[in-house]
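The structure appears right after this line, and notes come after that.
The values are calculated or read from the model by the stated rules, or taken from the named source; none is laboratory data. Predicted model, so just to flag it, every value in this text is computed and none were measured. Cβ sites come from the backbone with ideal geometry, for glycine too, and all protein chains shown count toward neighbours. The accessibility values were calculated without ligands, DNA or RNA, using every heavy atom of the protein model including side chains. Shrake-Rupley method; radii C 1.70, N 1.55, O 1.52, S 1.80 Å.
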Amino acid sequence: MTMLATRTTPPLNHRNPEIADWVDDIARLTTPDEVVWVDGSTAEWDRLTKEMVAQGTLIRLNPEWRPNSFLARSDPADVARVEDRTFICSVDPDDAGPTNNWRDPSIMRLELSELFSHSMRGRTMYVIPFSMGPIGGALSQFGVQITDSPYVVASMALMTRMGDAALEAITPGTPWVPALHSVGAPLVDDDGVRHDDSAWPNNENKYICHFPESREIWSFGSGYGGNALLGKKCFALRIASVMARDEGWMAEHMLIVRVTSPENRVFHLAAAFPSACGKTNLAMLAPTIPGWKVETIGDDIAWMRPGPDGRLRAINPERGFFGVAPGTGLSTNPVATKTIWGNTIFTNVALRDDGDVWWEGLTDTPPAHATDWAGNDWTPASGTRAAHPNGRFTVAADQCPTIADDWNSPDGVVIDAILFGGRRPSTVPLVSQARTWQQGVFMGATMASETTAAATGEVGVLRHDPFAMLPFTGYNMADYFAHWIAMGERLGENAPAIFSVNWFRTDADGRFIWPGFSENARVIEWIVGRLEGDLAARATPIGGLPLAHELNLDGLSLDVDEIRGIIDLDKTAWRREAAEIADYFGTFDETRFPIELRRELERLTRELGPEVTPS
Ligand code: OXD
Ligand code: MN
């Protein structure tokens with residue numbers, strides 16, 4: 001691929017020798033043909049996307065339907081995060097803990113240096129200075145990603161504040177996270193022979209490595225999503241969770257929304273759900289109940305810190321959405337479908353014959369013919385999926401019609417409530433409120449969910465996913481639980497209320513009982529009623545549950561028995577759950593595990609009481 005006018009030396013106003021030295025070191029290691037410092041301009045986006053179209057990495061969509069938008073088809077072997085190839089390289093293995101893959105940092109460094117040696121031969125190496133959060137904001141952080149993937153550059157342009165403005169702000173002495181990425185597919189081999197590029201270069205040998213002590217990221221072999229856009233999971237969650245523990249703040253896998261009640265009272269909620277469980281849908285919720293308004297602040301990550309008034313303030317460190325496309329449609333998430341009207345990169349979805357995109361759930365009626373995500377002819381009779389279940393859209397947040405005016409505010413918003421949810425076909429009720437912060441932390445720590453296509457591996461298997469952070473906590477999970485307890489102590493009376501929610505209860509035939517999506521506004525209404533002190537809750541061992549008549553079910557075709565079945569405490573199921581939680585807690589190092597969570601479990605078990613067998 002030939003580069004058009006590019007900038008191969010750092011911009012003149014750039015005075016941070018630390019960055020320049022690191023870039024020189026990496027260029028010496030990876031030996032690219034050239035080094036390009038990205039500036040974040042529209043001209044640069046145009047140049048890169050044109051080059052990727054010429055190279056076959058991107059297909060330009062019909063501008064009449066989807067202006068300035070593109071489709072990428074990944075290698076079928078590179079379609080999701082690779083959790084089994086994700087490593088925390090802390091000096092002490094106990095600092096990575098039982099839920100992470102650990103590697104010795106010095107051994108890993110040697111291994112990576114070999115992998116990265118000449119890994120960019122024949123390619124362009126891009127230097128991407130970026131900010132997570134508004135540039136210079138009190139809760140924001142800087143990084144510099146090096147990559148040999150132009151797809152990653154274009155995606156980072158949508159997902160972060162990238163380019164000259166970020167670089168200028170990283171003055172000498174300002175902390176920044178070095179994040180190195182290579183697809184691991186040099187174009188020139190050891191004998192100096194140049195090979196043709198492929199549309200989606202990658203390497204079957206993948207490594208997503210984090211060095212928490214030195215706060216560095218090294219990612220090799222994948223061009224996809226959370227493996228390659230290093231500002232997202234690698235920095236904003238794994239490395240940031242370590243920074244947050246050390247500095248007294250929180251880096252969480254949470255959406256942030258502003259809710260305005262019919263009485264014009266405003267609340268901010270943060271909510272943690274595992275990957276591909278509807279965070280983007282909740283973040284863009286269009287309430288069905290009259291008078292309610294939901295505005296979007298973030299759909300995936302929240303950085304939260306106590307403000308000067310002692311209350312918890314949150315920012316969305318990202319600038320765009322990397323949302324799951326299948327299942328996103330006019331009935332499920334009309335706001336998202338409007339957000340992606342143009343200026344969007346789609347990955348692994350189907351291409352319609354008219355040059356637009358399609359995926360399962362976008363419209364009720366599929367196109368009569370399309371090209372599927374892997375590039376094959378497809379018709380509704382094919383019996384295969386047109387889009388990959390982890391097909392994605394990447395789009396700037398400010399295109400979202402419901403984006404809050406001040407979503408970009410460097411000071412963030414005050415969080416009134418935190419929600420934890422997962423895909424639980426049974427046991428966990430529609431909504432419950434934690435009695436105390438400690439019970440809320442217990443709810444987060446005991447979250448479990450069915451696996452989805454967002455990561456490689458089996459789908460639909462129930463696994464513990466504490467705080468939806470199982471694949472994203474960059475240190476020992478028991479220490480992370482303790483950090484949550486400590487944050488509650490620090491916040492004291494100012495701590496947000498905590499709720500557990502579950503939209504995914506199923507009936508005997510496996511059908512979802514709760515309608516979900518926009519109807520989730522009804523649960524938000526109950527939560528706000530609790531925050532305002534207007535609604536009562538039934539105190540139970542698993543928290544405060546709604547009174548059936550206080551849930552707004554107007555217009556829903558759910559009968560009272562069905563509703564009771566999903567809002568009540570199922571004691572038998574919870575006794576099983578408590579026993580299972582005891583086993584789960586046993587997987588953590590006792591000396592690190594917070595006593596408060598053990599006490600919560602003891603309390604739950606005691607209050608549930610023994611099973612009474614009819615005589
Ligand atoms: C994501 C994920 O991409 O959680 O947000 O996998
Ligand atoms: Mn996510």
Practice item. May I ask you to list pairs of residues, at least six apart or on different chains, whose Cβ atoms are under 7 Å apart, with the first in segment 231-249 being basic (Lys, Arg) and the second being within 13 Å of ligand 2 (Cβ to nearest atom) and part of a helix (DSSP H, G or I)? Key: Lys232/Met159; Lys232/Gly226; Lys233/Gly226
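Residues Ala138, Ala169, Ala179, Ala165: which one is of a type in the set (Gly, Ala, Ser) and crowded, with 24+ Cβ neighbours inside 10 Å?
Just one listed residue meets the conditions, Ala179.
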Point to revise | Candidates Asp406, Asp411 - the one that is at pLDDT 95 or above, more than 18 Å from Leu237 (Cα to Cα) and open to solvent by 10 Å² or more (accessible area, probe 1.4 Å) | key: Asp411
Review point. Can you pull out the residues in segment 296-313 that are in contact with an Asp or Glu (Cβ under 8 Å, 6 or more places away or on another chain), farther than 21 Å from Pro471 by Cβ and crowded, with 21+ Cβ neighbours inside 10 Å?
Key: Arg313
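Mind checking which residues of segment 573-615 are acidic (Asp, Glu) and closer than 18 Å to Ala478 by Cα?
First, pick out the residues of segment 573-615 that are acidic (Asp, Glu): 577, 580, 583, 589-590, 596, 600, 602, 607, 611.
Within segment 573-615, Glu580, Asp583, Asp589, Glu590, Glu596, Glu600, Glu602 qualify.
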**Study point:** Number of the exception - Asp246 against (1) surrounded by fewer than 24 Cβ atoms within 10 Å (Cβ to Cβ); (2) part of a loop (DSSP other than H, G, I, E, B); (3) away from ligand 2 (no atom under 16 Å from the Cβ)
**Key:** (2)
Exercise for review: Return the residue satisfying two criteria in turn: it lies in segment 287-306 and is within 15 Å of ligand 1 (Cβ to nearest atom) and more than 14 Å from Gly412 (Cα to Cα), and of such residues it is farthest from the chain's Cα centre (by Cα).
Suggested key: Asp299
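Go through segment 258-271 and give me each residue that's crowded, with 24+ Cβ neighbours inside 10 Å and either within 15 Å of Arg522 (Cα to Cα) or within 13 Å of ligand 1 (Cβ to nearest atom) (or both). Quick ask: steps written out before the conclusion?
So in segment 258-271, the residues crowded, with 24+ Cβ neighbours inside 10 Å come out as 269-271.
Once the filter is applied, which keeps residues that are crowded, with 24+ Cβ neighbours inside 10 Å and either within 15 Å of Arg522 (Cα to Cα) or within 13 Å of ligand 1 (Cβ to nearest atom) (or both), segment 258-271 yields only Leu269.
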Review point. Across segment 314-327, what is the number of residues that are under 22 Å from Val501 (Cα atoms), buried (at least 22 other Cβ atoms within 10 Å of the Cβ) and away from ligand 1 (no atom under 13 Å from the Cβ)?
Key: 1
Exercise for review: Kindly check whether there is at least one residue in segment 275-286 that is more than 16 Å from ligand 1 (Cβ to nearest atom) and of a type in the set (A, V, I, L, M).
Suggested key: yes
Exercise for review: Go through segment 48-81 and count every residue that is outside any strand (DSSP E or B), of a type in the set (A, V, I, L, M) and buried (at least 19 other Cβ atoms within 10 Å of the Cβ).
Suggested key: 5
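For (1) crowded, with 16+ Cβ neighbours inside 10 Å; (2) modelled with pLDDT of 95 or more; (3) of a type in the set (D, E, K, R), each residue gets a yes or a no:
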| residue | (1), (2), (3) |
| --- | --- |
| Thr8 | no, no, no |
| Leu12 | no, no, no |
| Arg28 | no, yes, yes |
| Thr31 | yes, yes, no |
| Ser41 | no, yes, no |
| Glu44 | yes, yes, yes |
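Rundown of residues vs (1) touching a residue at least 40 places away in the same chain (Cβ under 8 Å); (2) under 30 Å from Ser241 (Cβ atoms); (3) away from ligand 2 (no atom under 16 Å from the Cβ), yes/no style:
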{"site": "Pro308", "(1), (2), (3)": "no, yes, yes"}
{"site": "Asn316", "(1), (2), (3)": "yes, yes, no"}
{"site": "Gly320", "(1), (2), (3)": "yes, yes, no"}
{"site": "Gly329", "(1), (2), (3)": "no, no, yes"}
{"site": "Gly342", "(1), (2), (3)": "yes, no, yes"}
{"site": "Arg352", "(1), (2), (3)": "no, no, yes"}
{"site": "Thr363", "(1), (2), (3)": "no, no, yes"}
{"site": "Thr379", "(1), (2), (3)": "no, no, yes"}
{"site": "Ser382", "(1), (2), (3)": "no, no, yes"}
Review point. Of these, Met447, Met487, Met477, Met443, which one is open to solvent by 10 Å² or more (accessible area, probe 1.4 Å) and more than 16 Å from ligand 2 (Cβ to nearest atom)?
Key: Met443
Exercise for review: Select from segment 398-454 the residues that are among the aromatic types (Phe, Trp, Tyr) and either in a loop (DSSP other than H, G, I, E, B) or under 23 Å from Gly516 (Cα atoms) (or both) and list them in ascending order.
Suggested key: Trp407, Phe420
Check your understanding: Does any residue in segment 183-201 that is farther than 14 Å from Met125 by Cα and open to solvent by 50 Å² or more (accessible area, probe 1.4 Å) come within less than 9 Å, Cβ to Cβ, of a residue that is assigned to a loop (DSSP other than H, G, I, E, B) and of a type in the set (S, T, N, Q) six or more places away or on a different chain, and which pairs are these?
Key -> Ser198/Thr57
Point to revise | Cross-chain or 6+ apart pairs with Cβ under 8 Å, segment 275-286 first and open to solvent by 20 Å² or more (accessible area, probe 1.4 Å), then more than 11 Å from ligand 1 (Cβ to nearest atom) and part of a helix (DSSP H, G or I) | key: Gly278/Phe517; Thr280/Ala336; Asn281/Ala336; Asn281/Phe517; Ala286/Pro334; Ala286/Val335; Ala286/Ser518
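Suppose the filter is within 13 Å of ligand 2 (Cβ to nearest atom), touching a Pro at 6+ places or on another chain (Cβ under 9 Å) and within 26 Å of Trp200 (Cβ to Cβ); does Ala251 pass it? So that I can check it myself, show each step before the final result.
Numbers: within 13 Å of ligand 2 (Cβ to nearest atom): yes; touching a Pro at 6+ places or on another chain (Cβ under 9 Å): yes; within 26 Å of Trp200 (Cβ to Cβ): no.
So Ala251 fails the test.
Enumerate the strands (runs of 3 or more DSSP E) found wholly within segment 279-387, keeping only those where 2 or more residues are closer than 30 Å to Asn494 by Cβ.
Details: elements: 293-298, 302-306, 312-315, 320-324, 345-347, 350-352.
So the answer is 293-298, 302-306, 312-315.
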Review point. Looking only at residues in segment 490-508 that are out of contact with any Pro (no Cβ under 9 Å at 6 or more places or on another chain), assigned to a loop (DSSP other than H, G, I, E, B) and open to solvent by less than 30 Å² (accessible area, probe 1.4 Å), which one is nearest to ligand 1 (Cβ to nearest atom)?
Key: Pro496
